[in-house]
1. What is the order of 161, 78, 120, fewest Cβ neighbours within 10 Å to most?
2. Of all DSSP beta bridges in segment 16-233, what percent run antiparallel (nearest 5)?
3. Taking the chain as the region of interest, what is the percent of Cα-Cα pairs per 5 angstrom bin, listed from the shortest bin to the one with the maximum distance?
4. What's the center-to-center distance, using Cα atoms, between segment 93-107 and segment 170-234 in Å?
5. Packing-wise, with mean Cβ within 10 Å as the measure, how do 34-44, 176-186, 96-106 rank, highest first?
6. P(r) for segment 162-202: what percent of alpha-carbon pairs falls in each 10 Å bin, starting at zero?
7. Report the calculated FRET efficiency for residue 119 and residue 79 (r = Cβ-Cβ distance, R0 = 22 Å), to the nearest 0.05.
8. From the helices alone, meaning DSSP H stretches of at least four residues, give me the mean residue ellipticity at 222 nm for the chain, per-run term -39500 (n - 2.57), in deg cm²/dmol to the nearest 500.
């Protein structure tokens, strides 16, 4: 059953989907890590592939940038394609002096400046968190691979260019490790629909340390620690 944003048929997606923001990262991962790989979506250039990794069926699909984009794709994967688990594999900017370029973050939860949760008309504030079993598996795999990782809270922002240049510092003051633009919506969709979600992030730049940021090609092809953890737990 195709949707306006996805031409795949029912059954084309595995139960677990890895979601990088960049569709070219999805293509790179599929071509370099999956066996028996086939493309299942190309609508709007949002490439999606299904294949096997060490004998287990896995799908990889780009999410695009921002909460509206990942919100659409993850909602359709959960509701129209019977996907059970989505693991976001993305990049983020560090807002903590102890979190450095190429470190991996395993996100426990996501704060936001978005109005995403207003749709639920809750009598309070919704805390968007990852699924514990996926989180636990990721931590175990990161330890096994001896990856330099952090577990903690992140910020999902609607704004890449923020008029308030001090905003990231205030998020850092309450313990947030990094800022990105997608995870809150993914975690909220999973919670609302009774599904599972996790975010793994590689630090691509720092808002607090004087470190050289990664290039677009490096973000596409060299964040292998994060990618391999996600594949192992898929």
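1. Working: 161 4, 78 23, 120 10.
The fewest-first ordering by Cβ neighbours comes to 161, 120, 78.
2. On the way: 17 of 43 bridges.
In segment 16-233, DSSP labels about 40 percent of beta bridges as antiparallel.
3. 1, 7, 15, 20, 21, 17, 11, 6, 2, 0
4. Measuring centre to centre over Cα atoms gives 9 Å.
5. Working: 34-44: 15.5, 176-186: 26.4, 96-106: 18.7.
Ranking the peptides 34-44, 176-186, 96-106 by packing returns 176-186, 96-106, 34-44.
6. Spelled out bin by bin, segment 162-202 gives 24, 40, 29, 6 percent.
7. On the way: r = 15 Å, r/R0 = 0.69.
Calculated value: 0.90.
8. On the way: 7 runs with 72 residues, N = 234.
Here the helix-only value at 222 nm equals -9000 deg cm²/dmol.
Since every read-out is calculated from the coordinates, none of them should be taken as a lab result. Bear in mind the structure is a predicted one, so any value in this text is a computation, not a measurement. Cβ sites come from the backbone with ideal geometry, for glycine too, and all protein chains shown count toward neighbours.
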